[in-house]
Amino acid sequence: MQVAIIEDDPILAKSVSKAVRDAGHDCTIVPDGESAIRGQTLLGSDLVLLDLMLPKADGLEVLRRARSAGVRTPVIILTARGTMPDKLRGFEAGADDYLVKPFTMDELLARI
(Lines give C-alpha, C1' and ligand atoms only; values in the text may rest on other atoms or scores of the structure.)
Protein backbone atom coordinates (compact mmCIF):
# COMPACT_ATOMS: atom_id res chain seq x y z
CA MET A 1 0.00 0.00 0.00
CA GLN A 2 1.25 3.52 -0.82
CA VAL A 3 0.89 5.83 2.20
CA ALA A 4 1.37 9.59 1.95
CA ILE A 5 2.46 11.35 5.12
CA ILE A 6 1.61 15.05 4.93
CA GLU A 7 3.45 16.40 7.96
CA ASP A 8 5.68 19.44 8.46
CA ASP A 9 7.49 18.17 11.57
CA PRO A 10 10.49 16.32 10.11
CA ILE A 11 11.13 14.26 13.26
CA LEU A 12 7.53 13.03 13.46
CA ALA A 13 7.37 12.46 9.71
CA LYS A 14 10.52 10.34 9.84
CA SER A 15 9.24 8.35 12.83
CA VAL A 16 5.86 7.67 11.20
CA SER A 17 7.56 6.81 7.92
CA LYS A 18 9.78 4.25 9.62
CA ALA A 19 6.81 2.60 11.36
CA VAL A 20 4.81 2.50 8.12
CA ARG A 21 7.73 1.03 6.18
CA ASP A 22 8.46 -1.51 8.93
CA ALA A 23 4.81 -2.60 8.62
CA GLY A 24 5.43 -3.37 4.95
CA HIS A 25 4.04 -0.29 3.22
CA ASP A 26 5.64 2.24 0.90
CA CYS A 27 5.41 5.88 1.84
CA THR A 28 6.23 9.39 0.80
CA ILE A 29 6.55 12.48 2.97
CA VAL A 30 5.06 15.79 1.89
CA PRO A 31 6.08 18.76 4.09
CA ASP A 32 3.30 21.28 3.41
CA GLY A 33 -0.26 21.64 2.23
CA GLU A 34 0.51 23.47 -0.98
CA SER A 35 2.85 20.70 -2.14
CA ALA A 36 0.17 18.12 -1.30
CA ILE A 37 -2.40 19.97 -3.40
CA ARG A 38 -0.05 20.74 -6.28
CA GLY A 39 1.31 17.19 -6.38
CA GLN A 40 -2.16 15.64 -6.11
CA THR A 41 -0.89 13.59 -3.18
CA LEU A 42 -4.32 12.33 -2.17
CA LEU A 43 -5.04 11.09 -5.68
CA GLY A 44 -1.76 9.18 -5.99
CA SER A 45 -1.92 7.33 -2.66
CA ASP A 46 -3.85 4.42 -1.17
CA LEU A 47 -3.99 6.14 2.24
CA VAL A 48 -3.11 9.61 3.51
CA LEU A 49 -1.92 10.55 7.00
CA LEU A 50 -2.69 14.27 7.23
CA ASP A 51 -1.57 16.85 9.77
CA LEU A 52 -3.89 19.83 10.14
CA MET A 53 -1.44 22.57 11.10
CA LEU A 54 0.60 22.72 7.91
CA PRO A 55 2.43 25.63 6.32
CA LYS A 56 1.21 27.16 3.04
CA ALA A 57 -2.23 25.44 3.17
CA ASP A 58 -3.67 23.80 6.27
CA GLY A 59 -4.78 20.19 6.32
CA LEU A 60 -8.48 20.97 6.28
CA GLU A 61 -8.02 23.01 3.10
CA VAL A 62 -6.07 20.14 1.52
CA LEU A 63 -8.81 17.70 2.46
CA ARG A 64 -11.70 19.92 1.38
CA ARG A 65 -10.15 20.60 -2.01
CA ALA A 66 -9.46 16.91 -2.61
CA ARG A 67 -12.98 15.86 -1.60
CA SER A 68 -14.60 18.59 -3.71
CA ALA A 69 -12.57 17.28 -6.68
CA GLY A 70 -14.02 13.81 -6.09
CA VAL A 71 -10.94 12.21 -4.52
CA ARG A 72 -12.04 9.34 -2.26
CA THR A 73 -8.64 8.21 -0.92
CA PRO A 74 -8.96 7.32 2.79
CA VAL A 75 -7.53 9.99 5.10
CA ILE A 76 -6.49 9.69 8.73
CA ILE A 77 -5.95 13.07 10.36
CA LEU A 78 -2.99 13.18 12.76
CA THR A 79 -3.10 16.38 14.80
CA ALA A 80 -2.64 18.06 18.16
CA ARG A 81 -6.12 19.57 17.77
CA GLY A 82 -8.15 17.28 19.99
CA THR A 83 -11.32 19.12 20.93
CA MET A 84 -14.67 17.79 19.84
CA PRO A 85 -15.30 20.80 17.53
CA ASP A 86 -11.90 20.16 15.90
CA LYS A 87 -12.74 16.51 15.36
CA LEU A 88 -16.16 17.35 13.92
CA ARG A 89 -14.58 19.85 11.49
CA GLY A 90 -12.18 17.13 10.38
CA PHE A 91 -14.94 14.62 9.74
CA GLU A 92 -17.13 17.24 8.04
CA ALA A 93 -14.21 18.04 5.71
CA GLY A 94 -14.07 14.37 4.72
CA ALA A 95 -11.68 12.59 7.09
CA ASP A 96 -12.16 8.86 7.55
CA ASP A 97 -10.42 8.73 10.93
CA TYR A 98 -8.91 11.17 13.43
CA LEU A 99 -5.98 10.52 15.75
CA VAL A 100 -4.81 13.07 18.32
CA LYS A 101 -1.10 13.63 18.97
CA PRO A 102 0.68 12.29 20.85
CA PHE A 103 -0.29 8.80 19.70
CA THR A 104 1.45 5.44 19.79
CA MET A 105 2.72 3.88 16.59
CA ASP A 106 0.86 0.69 17.52
CA GLU A 107 -2.45 2.57 17.52
CA LEU A 108 -1.62 4.30 14.24
CA LEU A 109 -0.70 0.99 12.58
CA ALA A 110 -3.92 -0.60 13.88
CA ARG A 111 -5.92 2.21 12.27
CA ILE A 112 -3.99 1.88 9.01
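The values are calculated or read from the model by the stated rules, or taken from the named source; none is laboratory data. None of the values given here were measured: they were computed from a predicted structure. Cβ sites come from the backbone with ideal geometry, for glycine too, and all protein chains shown count toward neighbours. SASA here: full protein model, heavy atoms, side chains in, ligands and nucleic acids out. Shrake-Rupley method; radii C 1.70, N 1.55, O 1.52, S 1.80 Å.
Of the accessible area of the chain, computed with a 1.4 Å probe over protein heavy atoms only, carbon and sulfur atoms account for 53 percent. Here the chain is treated with +1 on each Lys and Arg Cβ and -1 on each Asp and Glu Cβ, and its dipole about the Cα centre works out to around 200 debye. The alpha carbon radius of gyration of the chain, expressed as a multiple of 2.2 N^0.38 Å, is 0.94.
Each other residue within a Cβ distance under 10 Å of D51 adds +1 if Lys or Arg and -1 if Asp or Glu, for a net charge of -3.
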